[in-house]
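As structure tokens, the structure follows; a few thoughts come after it.
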């Protein structure tokens with residue numbers, strides 16, 4: 001599963017990526033506007049928007065991209081690792097191989 005994280009903190013990028021890998025996801029991260037963001041986002045399965053750390057323009061771009069490519073879209077004000085884990089638990093199989101609701105198969 002591919003995940004795009006819009007927002008968050010640059011210094012936490014390695015930790016965000018590590019958490020995504022634990023859930024079997026490949027991640028791209030954009031913490032600030034770099035050129036034509038909409039084109040760079042691509043067609044992920046999930047877009048995570050950390051609203052507390054992005055401009056309105058970036059947030060709008062993330063929402064529009066999710067609609068355009070029919071990606072799941074989650075937004076959270078907090079850019080914490082726990083917030084990302086909570087979102088991934090809802091959308092991915094758990095890291096230990098269980099189901100997304102925490103129950104083992």
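Where a number appears in this text, it was derived from the coordinates with a stated rule and is not lab data. In this text the structure is predicted, and so the values were computed from the model without any measurement. Neighbour counts run over all protein chains shown; Cβ positions are idealised from the backbone, glycine included.
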Open item on the list: For the pair residue 60/residue 73, report the inter-label distance in nm, with labels modelled 7 Å from Cα in the Cβ direction.
Closed with: 1.3
Open item on the list: I'd like the orientation of helix 56-69 relative to the chain: the angle between its Cα long axis and the longest Cα principal axis, in ° from 0 to 90, rounded to 10.
Closed with: 60
Task: Separation of the residue 40 and residue 22 label points, Cα + 7 Å toward Cβ, nm - done: 2.7
Task: Angle in degrees between helix 81-91 and the longest Cα principal axis of the chain, rounded to the nearest 10 - done: 70
- [ ] Can you put 34, 28, 40 in order of Cβ neighbours within 10 angstrom, beginning with the fewest?
- [x] 34, 40, 28
Open item on the list: Using a Gaussian network model on the chain with a 10 Å cutoff between Cα atoms, which of 35, 24, 52 fluctuates the most?
Closed with: 35
Open item on the list: Output the 0 to 90 degree angle, nearest 10, between the alpha-carbon long axis of helix 13-22 and the longest principal axis computed from the alpha carbons of the chain.
Closed with: 40
